[in-house]
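Notes to accompany the following structure.
The values are calculated or read from the model by the stated rules, or taken from the named source; none is laboratory data. As the structure is a prediction and not an experimental result, all values here were calculated from the model. Note that we place each Cβ from the backbone using ideal geometry, even for glycine, and neighbour counts take in every protein chain shown. Keep in mind that these areas ignore ligands, DNA and RNA; they rest on the heavy atoms of the full protein, side chains included. Shrake-Rupley method; radii C 1.70, N 1.55, O 1.52, S 1.80 Å.
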Amino acid sequence: MIDLHVHTTFSDGTLTPQEVVKLAKEKGLFAIAITDHDTTDGVIHAIDEGNRLGIKVVSGVEISADFEIEMHILGLFVDINNEFLQQKLKMLERFRKERNPKIIEKLRKMGYDISMDEVEKLSSGEMIGRPHIAQVLVKKGYFSTTKEVFEKLLGFGKPAYVKKDKLKPQEAIEAIKKAGGLAILAHPHKYLYLDEGSENVFLELKEYGLDGLEVFHSDHSQKETNMLLEIAKKLDLAISGGSDFHGENKPEICIGVGKGNLKIDDEIFYVLESRVLKP
Ligand SMILES: [Zn+2]
Ligand SMILES: [Zn+2]
């Protein structure tokens, strides 16, 4: 069993890369991919731990790209030292950094007593994002859970939402490919109805270099999974799968098995790996 979509404390997961690898090993997984949002900084820690414990760790990243609301593109087997990729990720980090003070400003205007300082303190060096802002609001007693903060204030279209500058899908794919990785469209059901229209989107992304689809995902129904399997076959796209594990931030999702409905075969890892090894 494998899990090619896992988050750590380097983005919005709650376990460190080492803890994630240890958990995956305990659960008997053969391979995992570390795919934090817009950063590869956690990968090296996971690889070291993977070598120690004897579990394969794929270097990955999940890049947010512009598409209606947002589209996520996974880079798997990327060279984390690739300068082009790192430049793009730095740019995204800058976008994100500019965004946080804007959100704080909105919240203050709405009467919430919150400062950037408090958010920074709480993040203890991780990439600062909305989860940290939500945590401060919970800590101060405004809300009882971070989920509630997202539903009422920080989520898309809510009063304290601030649009994030993003890469175009083709830019995200280009960065992944230049770093020698495979570009996989993450959880397609989140932004596409799986019909003929979505095939055109997949085909357009394939023109840009997309290698595959995340067919297996915690939030895909059996029907969606089957449709994606068919589409992948029809369009000659590789198949990938992962739980999108976030630790306690999404407690219903477990590493490897998702909501209990996942079982991603080792074979999928080998097929993807062979695509990377091919010149
Ligand atoms: Zn995602
Ligand atoms: Zn994810």
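Quick notes
- Computed over protein heavy atoms with a 1.4 Å probe, the carbon and sulfur contribution to the accessible area of the chain reaches 51%.
- Spin-label model, ASN226 to GLN87: label points 7 Å out along the Cα-to-beta-carbon direction sit 4.7 nm apart.
- Applied to the range 2-11, the Karplus parametrisation 6.51 cos²θ - 1.76 cosθ + 1.60 on θ = phi - 60° returns per-residue 3J(HN,Hα) values of 10, 8, 9, 7, 9, 9, 10, 5, 6, 10 Hz, with x for Gly and Pro.
- Reducing the range 6-33 and the range 210-247 to their Cα centroids gives an inter-centroid distance of 21 Å.
- THR16 accessible area, 1.4 Å probe, all protein chains in place, Å² to nearest 10: 50 Å²
- Accessible area, probe 1.4 Å, largest first, for residues VAL271, VAL276, VAL149: VAL271, VAL276, VAL149
- Exposure of TYR270 as accessible area (Å², to 10), given a probe of 1.4 Å and all protein chains: 100 Å²
- Inter-part distance, the range 107-140 to the range 253-279, computed on C-alpha centroids, equals 36 Å.
- Gaussian network model of the chain, Cα within-10 Å springs - most flexible of SER240, SER124, SER115: SER124
- The chain: most fluctuating residue of ASP266, ASP211, ASP41 per GNM, C-alpha cutoff 10 Å: ASP266
- With θ taken as phi - 60° and the Karplus curve 6.51 cos²θ - 1.76 cosθ + 1.60 applied, the whole-hertz 3J(HN,Hα) list for the range 246-255 is 10, x, 5, 5, 9, x, 7, 9, 9, 4 Hz, x standing for glycine and proline.
- Over 30 Å [Cα-Cα, the chain], rounded percent: 28 percent
- Amide hydrogen neighbours beyond the local backbone of ASP12, cut-off 5 Å, H modeled: HIS37
- Here the chain carries DSSP beta bridges of which approximately 40% are antiparallel, counting only pairs with both residues inside.
- Helix 196-208 vs. the chain, principal-axis angle (Cα, 0 to 90°, nearest 10): 80 degrees
- Calculated from backbone phi, Karplus (6.51, -1.76, 1.60) coupling profile of the range 222-234 in Hz, x at Gly/Pro: 4, 5, 5, 4, 4, 5, 5, 4, 5, 4, 4, 5, 4
- Of every Cα-Cα pair in the range 98-154, the percent that sits beyond 15 Å: 39 percent
- Set of aspartates and glutamates near LYS178 by C-alpha distance (under 17 Å), chain-local residues within fewer than 8 positions excluded: ASP38, GLU62, ASP79, GLU83, GLU207, ASP211, GLU273
- A cut-off of 5 Å between modelled amide H atoms, ignoring neighbours fewer than 5 places along the same chain, links ILE34 with VAL58, GLY60.
- Most mobile of ASN249, ASN261, ASN81 in a GNM of the chain (Cα contacts under 10 Å): ASN81
- Placed amide H near LEU29: partners under 5 Å, 5+ positions off or other chain: none
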